[in-house]
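Quick notes on the structure that follows.
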Amino acid sequence: MIRIDRPTDTPPQLGGGAGLVQTKIAAHDADPALYTTLKGKFSFDVGVYGHEDVRQILKSAQRWKCCFCESKIEDVSYGEVEHFRPKAAWRQSKDAKLKRPGYYWLAYTWDNLLWSCKMCNGSYKKNLFPLEDPAVRNCVGRTVANETPLLIDPSACNPRDHIRFKLDKAVGITGVGRVTIDSLGLNREKLVESRRERLQYLVAVWENIEMARDLGRENNVTSGLRTLERAVLPQAPYSSMAIDLIAGLREAENAEAA
Ligand SMILES: [Zn+2]
């Protein structure tokens, strides 16, 4: 996971959401108890928050990668617009009961939207939204001011302050990092396999550079180094893993030379 710079301007297509939210707020406040039950389930307009223009802006800001796992999504599947704070209902933990209402008033809020792969969002995160102190959660009062989420919002902080990589495995270096890895399945088998393939490729590039150096093939050294430089850029798949891998290889090389 890496930091995402979501453009600050709200896409005009989300403007239609303001009226939809006002209607929901009025309905909710007329009978708050109803909306804590399935009977008071809200419906949401995917045509607004998932509008093609909204998707395109998110995809472009995220370099066509999942906001959580850094997989290049559309190589293999379609992505989806994901609500960081779940709109319909929430769970404090995987085994906890589903609670309503969700963060329905944020369903069309730009800062709450990310672009995610179907596995991270649909199979793992779903309605999970754990808080450090669950007692401060107040969806009925529509306030998030006191919340400290235990999931990383990659548009609000640098995820690398919480998650690093030991070879192909994600490692939480803070409590939030560890909960995020577990909640989003960031060490799920298929994902680790995909990261491993990328890792093996980068290790091979590294070894080719060393070999080219020994043989005095400067052109090959230069092109190999360029490949490694590109691997740590935000547009590269699994760039956070690549940063830690390459730093580790450099460290080992320096230790050997010392
Ligand atoms: Zn993902």
(request) For region 177-189, name all the residues that are touching a residue at least 24 places away in the same chain (Cβ under 8 Å) and open to solvent by 40 Å² or more (accessible area, probe 1.4 Å). (result) 179
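Can you find, within region 68-81, the residue that is modelled with the lowest pLDDT among those that are in a loop (DSSP other than H, G, I, E, B) and farther than 16 Å from residue 232 by Cα?
Start the filter on region 68-81 by keeping residues that are in a loop (DSSP other than H, G, I, E, B), which leaves 68-71, 76-79.
Now restrict to residues that are farther than 16 Å from residue 232 by Cα: 68, 76-79.
On the way: 68: 98, 76: 60, 77: 72, 78: 81, 79: 91.
Checking each candidate, the answer is 76.
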(message) So the check is Cβ under 6 Å with 6+ separation or different chains; which pairs have a first residue in region 19-44 that's farther than 16 Å from residue 103 by Cβ and a second one that's open to solvent by less than 40 Å² (accessible area, probe 1.4 Å)?
(response) 34/40
(request) Looking only at region 203-258, count how many residues are modelled with pLDDT of 95 or more, hydrophobic (A, V, I, L, M, F, W, C) and in a loop (DSSP other than H, G, I, E, B). (result) 4
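When only residues in region 105-141 that are in contact (Cβ under 8 Å) with a residue 60 or more places away in the chain and away from the ligand (no atom under 16 Å from the Cβ) count, which is farthest from residue 65 (Cα to Cα)?
140
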(request) Taking the residues in region 237-258 that are touching a residue at least 60 places away in the same chain (Cβ under 8 Å) and in contact with a helix residue (DSSP H, G or I) (Cβ under 8 Å, 6 or more places away or on another chain) as candidates, determine which candidate is farthest from residue 166 (Cα to Cα). (result) 237
(request) Give just the number: which of (1) open to solvent by 30 Å² or more (accessible area, probe 1.4 Å); (2) within 16 Å of the ligand (Cβ to nearest atom); (3) of a type in the set (Val, Ile, Thr) does residue 174 not satisfy? (result) (2)
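Looking only at region 64-95, filter to residues that are of a type in the set (D, E, K, R) and over 14 Å from residue 194 (Cβ atoms); which one of those is least open to solvent (accessible area, probe 1.4 Å)?
Among them, the one singled out is 82.
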(request) Considering each residue of region 141-175, count those that are in contact with a Phe, Trp or Tyr (Cβ under 8 Å, 6 or more places away or on another chain) and under 20 Å from residue 101 (Cβ atoms), and give that number. (result) 4
(message) Consider region 35-52. How many of its residues are small (Gly, Ala, Ser), surrounded by 14 or more Cβ atoms within 10 Å (Cβ to Cβ) and within 13 Å of residue 88 (Cβ to Cβ)?
(response) 1
(request) Output yes when any residue across region 51-64 is touching a His at 6+ places or on another chain (Cβ under 9 Å) and touching a residue at least 24 places away in the same chain (Cβ under 8 Å), and no when none is. (result) no
(message) Quick test of your reading of the structure: residue 29 fulfils all but one of (1) open to solvent by 30 Å² or more (accessible area, probe 1.4 Å); (2) outside any helix (DSSP H, G or I). Name the failing condition by number.
(response) (2)
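Residue-by-condition table, conditions (1) part of a loop (DSSP other than H, G, I, E, B); (2) in the same structural domain as residue 70 (by TED's automatic domain parsing); (3) among the hydrophobic types (A, V, I, L, M, F, W, C):
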{"residue": "135", "(1), (2), (3)": "no, yes, yes"}
{"residue": "164", "(1), (2), (3)": "no, no, no"}
{"residue": "178", "(1), (2), (3)": "no, no, no"}
{"residue": "194", "(1), (2), (3)": "no, no, no"}
{"residue": "199", "(1), (2), (3)": "no, no, yes"}
(request) Please specify each residue of region 142-156 satisfying the condition of being open to solvent by 50 Å² or more (accessible area, probe 1.4 Å), in contact with a helix residue (DSSP H, G or I) (Cβ under 7 Å, 6 or more places away or on another chain) and either among the hydroxyl-bearing types (Ser, Thr, Tyr) or in contact (Cβ under 8 Å) with a residue 40 or more places away in the chain (or both). (result) 142
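The values are calculated or read from the model by the stated rules, or taken from the named source; none is laboratory data. These figures come from a predicted structure and were not determined experimentally. In this analysis, Cβ positions are derived from the backbone assuming ideal geometry, glycine residues included, and neighbour counts consider all displayed protein chains. Just so you know, the surface numbers come from the protein's heavy atoms only, side chains and all, with ligands and any DNA or RNA stripped out. Shrake-Rupley method; radii C 1.70, N 1.55, O 1.52, S 1.80 Å.
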